[in-house]
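**Q** Submitted below is the structure of interest, expressed as C-alpha cells.
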Amino acid sequence: MSDVAGDNAKEQAGRLCEEKGWSLGELLGQGGSAAVFKVDMAEGEAALKVFFPRFIQGGQGVVTRKRLEIVKERLTHHSCPTLVKIYAVDEFEGAPFMLMEQVAGSMLTDVLRLVPAPSVAEIVRQVAEAAKYLEDIGLTHRDIKSDNIIIDKQFTKATLVDVGVARIIDDPVGSGTDDDGKLPFVATARYSSPEYMFRLIPAGPELWRALNFYQLGGLIHDLISGEPLFEDVVRQATNNRYLIAYAVATSMPHVGARVGVPDYIVNLAQRCLQKDPTQRLASVSWEDFLGRDRQRENEAFLGICGDKSYSVAVRKLDVAELGRAIESSIDNKLIGKMLSCRHSCTVMHSSHAHIKIWWSPPAAPCGSEIEVLIDLSEVDGGIRIEVSSKIERLEKCLSVPAVIIASDSPDIAIGAANQSYDLFLESSAKIIRPTGNSTTGDGN
C-alpha cells in the first residue's frame, strides 16, 4: 500500500481519536487492506485498525463490511483467552474501523528460531484453543499461520490475531464474505491444504475443520523446524507462483524430531499434514492439540505404560531393516511389561515389508488375541505406513488411516518407526475399546 494511503489512514485515525477522546500513538503495522495504530484510552492501550478506501468501495466494500459485521456480531467481547479481544467494530467518516486488544509480544514468524522446545506443545495448545473456540461459535479463521500469532517474551502466551477474514462455517457460499458466492482464495497459499486451495470439496464443516487441522500442523512444523512451511519453495517462487501450488499438491512437508518436543506433537503434525482430508479428519481430533498425549493414553489403556520406552535404532532407510527393527522393538516393549507375543516380518521386496504382531493386551475381551498387521512400503512421497487389526474369534477387524513420512526427511526411518508404533497402539486400542470411546473421532 502506498505511503499516501497510510498517511490518509493516519489522518482519519487522528480525527476518530479526537472525537472519541483517545490519544493516537505509533503505527503498529500496515498491510494491503488497512493500517493499525496504537491508541491510549481511559481503559488502557488498544490497537485501532483503519481500512483503506479501496477496500470499502464497490464489491470489495460489500465483502469487507460483511466480514466485519460477522466479527461485530460474534466476536465483540468474546471469552477466549488465546484469541485477540475485539472491543468495537464500527464506521467513521464512511470507513470501517476495528478497535481491538493490543497484544504485547512479537510476531511468531520473527522469533521462530528462538522458541524453546519445551514451549512448543503449549503454544500449539493455545492456538488450537482459539481455533476450536471459533468453530464452537460457528466460525472458521481460514488463515492460521505464524504471521497471525503473537507470542510474549517468555514464550508462554500465544494469541491468534487477524480475525477479519473469519467465515461462517455453515454458510455454503459465504453470504458476502466470499465475494457473492464466487469463493475466491482467502488464506496464505503455503499454509493451505490441497482440498481448500483447489476447491476439491464444497465449503462446509468438513472443509473448514480439515483446513484448521492442516494449518495447525503447519504451525507445529514451523515451531519444530524454525522456519515457515515450504520456505525453500517460496524462495524459488518469486517469478513462478505455481511452484507453491505444486508443492501444496505434491510435497509432504518434513516434520522431524526435536529434542525437548514430545513425540506425540511430532506425530500429530505428520497426521495433520496428510494430503487426503478424509484421512486427516479420521486420524486427528481437537483433543490431540489440547494437551492430549494419544500415545501415552493408548499405552495406559493397553497396559503397557512403564519406564521402558519404545525406541528403534535404524542406520539408514531400508524397508527390510526397518521392518525387522520395528518388529524387534515392539516385542521388547511388550516383553518389558511381561506380555507375550508372536511376531513375524515378511520382506516382499526391497521396498515393501509386512510385520505381524499377535498379542493379548490385558484389556482385550475374554483374553482375545489381536493380530496387528503393519504394512511398510516405499512410495514417491516417502514411506507409506498402513496398519490394520483383527480379532478372529470375534470376527472383528478394522484399519486406521495410513500415514506417509516425507522422503526428504533426514530421519525418515526414525519417523516411520515412531509412527508405526503409534499406529500399532491406535489399532490395538481401537479394536477392543468399547464403541463410542474410540481415541479417534471429531472431538465434539
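The values are calculated or read from the model by the stated rules, or taken from the named source; none is laboratory data. This structure is a prediction, so every number in the text was calculated from the model and none was measured. Using ideal geometry, Cβ is built from the backbone for each residue, glycine included, and neighbour counts are taken over all protein chains shown.
**Q** Mind listing whichever residues of the range 49-71 are of a type in the set (Ser, Thr, Tyr) and exposed (fewer than 14 other Cβ atoms within 10 Å of the Cβ)? It would help to see each step written out before you state the result.
**A** Quick first cut of the range 49-71, residues of a type in the set (Ser, Thr, Tyr) only: 64.
Result: no residue meets the conditions.
**Q** Another question, then. Take GLU101 and decide whether it is closer than 23 Å to TYR196 by Cβ, surrounded by 16 or more Cβ atoms within 10 Å (Cβ to Cβ) and touching a residue at least 40 places away in the same chain (Cβ under 8 Å). Explain how you work it out, then say what you get.
**A** Details: closer than 23 Å to TYR196 by Cβ: no; surrounded by 16 or more Cβ atoms within 10 Å (Cβ to Cβ): yes; touching a residue at least 40 places away in the same chain (Cβ under 8 Å): yes.
No; evaluated as a whole, the condition is false for this residue.
**Q** Same structure, new question: In the set SER377, SER388, SER360, SER428, which member is buried (at least 23 other Cβ atoms within 10 Å of the Cβ), of a type outside the set (Phe, Trp, Tyr), outside the structural domain of ALA269 (by TED's automatic domain parsing) and at pLDDT 90 or above? Working first, answer last.
**A** Working: SER377 fails: buried (at least 23 other Cβ atoms within 10 Å of the Cβ); SER388 fails: buried (at least 23 other Cβ atoms within 10 Å of the Cβ); SER360 fails: buried (at least 23 other Cβ atoms within 10 Å of the Cβ).
Result of the check over SER377, SER388, SER360, SER428: SER428.
**Q** Among the residues of the range 16-58, write down those that are in a helix (DSSP H, G or I) and over 27 Å from ASP147 (Cα atoms).
**A** Step one: list which residues in the range 16-58 are in a helix (DSSP H, G or I), which gives 16-20, 53-56, 58.
Those that are in a helix (DSSP H, G or I) and over 27 Å from ASP147 (Cα atoms): LEU16, CYS17, GLU18, GLU19, LYS20, GLY58.
**Q** Shifting gears a bit: Among the residues in the range 10-26, are any closer than 18 Å to GLY164 by Cα and loosely packed, with under 13 Cβ neighbours inside 10 Å? Before the answer, list the steps.
**A** Of the residues in the range 10-26, the ones closer than 18 Å to GLY164 by Cα are none.
No.
**Q** Give me a count of the residues in the range 339-356 that are among the β-branched types (Val, Ile, Thr) and either in contact with an Asp or Glu (Cβ under 7 Å, 6 or more places away or on another chain) or under 14 Å from GLU386 (Cβ atoms) (or both). Show your work before the answer.
**A** Start the filter on the range 339-356 by keeping residues that are among the β-branched types (Val, Ile, Thr), which leaves 346-347, 355.
Going one step further and asking which of them are either in contact with an Asp or Glu (Cβ under 7 Å, 6 or more places away or on another chain) or under 14 Å from GLU386 (Cβ atoms) (or both), we end up with 355.
Qualifying residue count, the range 339-356: 1.
**Q** Criterion first (under 25 Å from the mean Cα position of the chain (by Cα) and surrounded by fewer than 19 Cβ atoms within 10 Å (Cβ to Cβ)) does ARG74 satisfy it?
**A** On the way: under 25 Å from the mean Cα position of the chain (by Cα): yes; surrounded by fewer than 19 Cβ atoms within 10 Å (Cβ to Cβ): yes.
Yes, satisfied.
**Q** Considering (1) closer than 20 Å to ASP263 by Cβ; (2) in contact with a Ser or Thr (Cβ under 6 Å, 6 or more places away or on another chain); (3) surrounded by fewer than 17 Cβ atoms within 10 Å (Cβ to Cβ), say which one VAL400 fails and leave the rest.
**A** So VAL400 meets the others, but not (3).
**Q** Quick one: is ASP152 of a type in the set (Asp, Glu) and either at pLDDT 95 or above or buried (at least 21 other Cβ atoms within 10 Å of the Cβ) (or both)? Walk me through it before giving the result.
**A** Values: of a type in the set (Asp, Glu): yes; either at pLDDT 95 or above or buried (at least 21 other Cβ atoms within 10 Å of the Cβ) (or both): yes.
Yes: the conditions hold for ASP152.
**Q** Name the residue, out of SER344, SER389, that is farther than 25 Å from ARG271 by Cα and either free of Cβ contacts under 8 Å to residues at least 60 places away in the same chain or not hydrophobic (A, V, I, L, M, F, W, C) (or both).
**A** Working: SER389 fails: farther than 25 Å from ARG271 by Cα.
Answer to the selection: SER344.
**Q** If you don't mind, there's one more thing I want to ask. Which residue is nearest to the chain's Cα centre (by Cα), if the candidates are limited to the range 357-370 and must be under 18 Å from PRO434 (Cα atoms) and outside any loop (DSSP other than H, G, I, E, B)? Break it down stepwise before answering.
**A** Within the range 357-370, the first condition is being under 18 Å from PRO434 (Cα atoms), and the residues that meet it are 360-370.
Remaining after also requiring outside any loop (DSSP other than H, G, I, E, B): 365-367, 370.
Details: PRO365: 36, CYS366: 39, GLY367: 38, ILE370: 32 Å.
Step by step, filter the range 357-370, then rank; the result is ILE370.
**Q** Can you tell me which residue is farthest from MET100 (Cα to Cα) among those in the range 10-58 that are touching a helix residue (DSSP H, G or I) at 6+ places or on another chain (Cβ under 6 Å) and of a type in the set (Phe, Trp, Tyr)?
**A** Within the range 10-58, the match that is farthest from MET100 (Cα to Cα) is PHE55.
**Q** So if I check each of ARG209, ARG199, ARG142, which one is at pLDDT 90 or above, on the phi > 0 side of the Ramachandran plot and under 18 Å from the mean Cα position of the chain (by Cα)? Let's see the steps before the verdict.
**A** Numbers: ARG209 fails: on the phi > 0 side of the Ramachandran plot; ARG199 fails: under 18 Å from the mean Cα position of the chain (by Cα).
On inspection, the qualifying residue turns out to be ARG142.
**Q** Can we say SER79 is of a type in the set (S, T, N, Q) and either loosely packed, with under 14 Cβ neighbours inside 10 Å or free of Cβ contacts under 8 Å to residues at least 12 places away in the same chain (or both)?
**A** Values: of a type in the set (S, T, N, Q): yes; either loosely packed, with under 14 Cβ neighbours inside 10 Å or free of Cβ contacts under 8 Å to residues at least 12 places away in the same chain (or both): yes.
Yes, satisfied.
**Q** Hey, another quick one. If MET338 satisfies every condition in (1) modelled with pLDDT of 95 or more; (2) aliphatic (A, V, I, L, M); (3) surrounded by fewer than 14 Cβ atoms within 10 Å (Cβ to Cβ) but one, which is the exception?
**A** Result: MET338 passes all but (1).
**Q** Which members of the range 134-149 meet the condition of being over 18 Å from TYR196 (Cβ atoms) and surrounded by fewer than 19 Cβ atoms within 10 Å (Cβ to Cβ)?
**A** Matches in the range 134-149: ASP136, ILE137, GLY138.
**Q** A further question on this structure: Looking only at the range 214-266, which residues are of a type in the set (Asp, Glu), over 23 Å from SER283 (Cα atoms) and not in a loop (DSSP other than H, G, I, E, B)?
**A** Looking only at the range 214-266, we keep the residues that are of a type in the set (Asp, Glu), and these are 222, 227, 231-232, 263.
Okay, now just the ones that are also over 23 Å from SER283 (Cα atoms), so 227, 231-232.
Hits for the range 214-266 are GLU231, ASP232.
**Q** Filter the range 268-284 for residues that are crowded, with 22+ Cβ neighbours inside 10 Å and not in a helix (DSSP H, G or I) and give the result.
**A** Of everything in the range 268-284, those that are crowded, with 22+ Cβ neighbours inside 10 Å and not in a helix (DSSP H, G or I) turn out to be LEU273, GLN274, VAL284.
**Q** Every residue in the range 285-329 that is among the small types (Gly, Ala, Ser), in contact with a Gly (Cβ under 9 Å, 6 or more places away or on another chain), surrounded by fewer than 17 Cβ atoms within 10 Å (Cβ to Cβ) and at pLDDT 75 or above, please. If you could, list the steps in order and put the result at the bottom.
**A** We begin by selecting, within the range 285-329, every residue among the small types (Gly, Ala, Ser); these are 285, 291, 300, 303, 306, 309, 311, 313, 320, 323, 325, 328-329.
Okay, now just the ones that are also in contact with a Gly (Cβ under 9 Å, 6 or more places away or on another chain), so 285, 306.
Next cut, surrounded by fewer than 17 Cβ atoms within 10 Å (Cβ to Cβ) only: 306.
None - no residue of the range 285-329 is among the small types (Gly, Ala, Ser), in contact with a Gly (Cβ under 9 Å, 6 or more places away or on another chain), surrounded by fewer than 17 Cβ atoms within 10 Å (Cβ to Cβ) and at pLDDT 75 or above, so the list stays empty.
**Q** Within the range 82-98, take every residue that is outside any strand (DSSP E or B) and in contact (Cβ under 8 Å) with a residue 40 or more places away in the chain and give me the one that is farthest from GLU135 (Cα to Cα). Give the derivation first.
**A** Taking the range 82-98 first, the residues outside any strand (DSSP E or B) are 82, 84-85, 93-94.
Remaining after also requiring in contact (Cβ under 8 Å) with a residue 40 or more places away in the chain: 82, 84, 93.
Numbers: THR82: 14, VAL84: 15, GLU93: 33 Å.
Of everything passing the filter in the range 82-98, GLU93 is farthest from GLU135 (Cα to Cα).
**Q** Between a first residue in the range 219-230 that is outside the structural domain of VAL127 (by TED's automatic domain parsing) and a second residue that is among the β-branched types (Val, Ile, Thr) and in a helix (DSSP H, G or I), which pairs have beta carbons less than 6 Å apart while being 6 or more apart in sequence or on different chains?
**A** So the pair list comes out empty.
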